[in-house]
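Notes follow the structure.
The values are calculated or read from the model by the stated rules, or taken from the named source; none is laboratory data. None of the values given here were measured: they were computed from a predicted structure. Cβ atoms come from the backbone with ideal geometry, glycine included; neighbour counts cover every protein chain shown.
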Amino acid sequence: MTTPQDELLPATRRSLLHRIAVAQTDGRTPSLVAAVVRDGRAIWHGSRTSVDGHAPDENVQYRIGSITKTFTAVLVLRLRDEGVLDLGDPLEKHLPGTGAGEATIAQLLAHTSGLAAETPGPWWERTPGSLRPELADVLGDGVAPHPAGRRHHYSNPGYALLGALVEELRGVSWEEALRREVLEPLGLDRTSVRPQAPAAGGWAVHPWADVMQPERLEDYGRLAPAGQLWSTTGDLARFTAFLLRGDERVLGAETLREMRTPAAPVEAADVADGATYGLGMQILHRDGRLLVGHSGSVPGFLASLIIGVEDDVAAVVLTNCTSGLMTFSLAADLVRIVAEAEPRIPEPWRPLREVDSSVLELAGQWYWGTSCFALRVTADGLISLGPLSGGGRRSRFRANGDGTWTGLEGYFAGEPLRAVRRPDGSVDHLDLGSFVFTRQPYEEGAAVPGGVDPEGWRGIG
């Protein structure tokens, strides 16, 4: 019988083990546990520990810190999909009196609300949540350091507000809503707000000596939606599969694509790092690979969940030290190792079962001015339009059922495409958000904006 571990080649398994072994040694962490997911299934699990004769498995809980925010974002997007709220709504519309100004729900999800990164008073991750019993205690004087919507500024209080929004609209605690709407449907029975044995203890390792001391475990209270959860590599492996494929009991695939679409302005440092933020998910371009997910860091624990979208490979890394290990980089390396050693085998090409003749006649080359584009009709029922050579604006388009199409990505995302026909029914040109594409460059007689020179193409005498 083939086990999940046997689905990887021996050399790949050894490379994965070597990578986490080096990370645990160099990072000087008491323990480290990791998992790799491919095609929606956990296919590898590995661990390293400083305790002889014991190795944590996929059922040992670790605190996952800010990966909690992705769970909270899922709850908020469920409310949007049900029509209870709109992402453009100011928070005040549904949760008045918070002091968050006109910050919208989308801005809170994407950390562009302008709110402060942390709470006033003592470090919230090392003090009990009972010190901040009300939202006013989380926000302090309510003065935002940045204008809403202008820049990405990570905000833990912002996710405390989103948790309170869920409670207000659901009429139950954030914890209960999470259990009922996400954890139970996805079978995440080892994910919880408080640790459940077996669970790893959190440790602080001395930066200059090989000694350590235990970290305090606090209940974050109002800030729980920003970083409270405990989970396992087994549960998070299932959660990554959901984040990539969707589950109609929780969220559909289209909404999850929206979550991993950049929603925050990119600053200079982000451009250099190739990083941005979606709706509750971090987005990173590394080594030519699109990675999405989230990292987590609270006293005693570090965690990362990373998905290589095109490769359909994901990795989870959990460890129980306060600092010293870059789990995000480690998880990204685990994705890279599998994706490069055992590249994804594409599905066989298959033709369309049927195609509308009015769509098929659009296929072929088109010109925007003097730039040559190709329109293709693809087996997934979409059409694609992009330059024949070099870079340039390109997009896939979804049929609207009325002879028009809507762009799905890039410059043309959301833009309408339609074929403009002559009185005899033949196609004169394509209109794409007012851009005119003709069968020949500056085609005579076509509706080219500004007209075509009556003398046509000519040389220089």
Whichever residue in region 146-184 is among the hydroxyl-bearing types (S, T, Y) and touching a residue at least 40 places away in the same chain (Cβ under 8 Å) and, among such residues, is nearest to G252 (Cα to Cα): Y159
Yes or no: S426 surrounded by fewer than 12 Cβ atoms within 10 Å (Cβ to Cβ), over 32 Å from the mean Cα position of the chain (by Cα) and either farther than 30 Å from L318 by Cα or not acidic (D, E) (or both)? yes
Restricting the search to region 207-218, which residues are of a type in the set (V, I, T) and touching a residue at least 24 places away in the same chain (Cβ under 8 Å)? none
Let me spell it out: the conditions are (1) surrounded by fewer than 18 Cβ atoms within 10 Å (Cβ to Cβ); (2) under 26 Å from the mean Cα position of the chain (by Cα); (3) not in a loop (DSSP other than H, G, I, E, B), and S130 meets all of them except one. Which number is the exception? (2)
Residues of region 311-345 being in a loop (DSSP other than H, G, I, E, B) and β-branched (V, I, T), which ones? T322, I345
Positions within region 185-206 being more than 15 Å from T232 (Cβ to Cβ) and either without any contact (Cβ under 8 Å) to a residue 60 or more places away in the chain or among the basic types (K, R) (or both), in sequence order: H206
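In region 77-117, what residues are acidic (D, E) and modelled with pLDDT of 95 or more?
The answer is D81, E82, D86, D89.
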G403 fails exactly one of (1) modelled with pLDDT of 95 or more; (2) in contact with a helix residue (DSSP H, G or I) (Cβ under 9 Å, 6 or more places away or on another chain), namely (1)
Provide a single number: the residues in region 222-262 that are touching a strand residue (DSSP E or B) at 6+ places or on another chain (Cβ under 9 Å), in contact (Cβ under 8 Å) with a residue 40 or more places away in the chain and not in a helix (DSSP H, G or I). 6
In region 87-124, the residues that are crowded, with 16+ Cβ neighbours inside 10 Å and aromatic (F, W, Y): W124
Would region 352-359 turn up any residue that is touching a Leu at 6+ places or on another chain (Cβ under 8 Å), over 30 Å from V33 (Cα atoms) and part of a loop (DSSP other than H, G, I, E, B)? no
With the condition kept exactly as written, say whether any residue in region 320-327 is under 21 Å from M281 (Cβ atoms), buried (at least 24 other Cβ atoms within 10 Å of the Cβ) and touching a residue at least 40 places away in the same chain (Cβ under 8 Å). no
Can you report the number of residues in region 312-346 which are under 24 Å from the mean Cα position of the chain (by Cα) and either at pLDDT below 90 or on the phi > 0 side of the Ramachandran plot (or both)? 4
Is region 392-402 home to any residue that is at positive phi and surrounded by 12 or more Cβ atoms within 10 Å (Cβ to Cβ)? yes
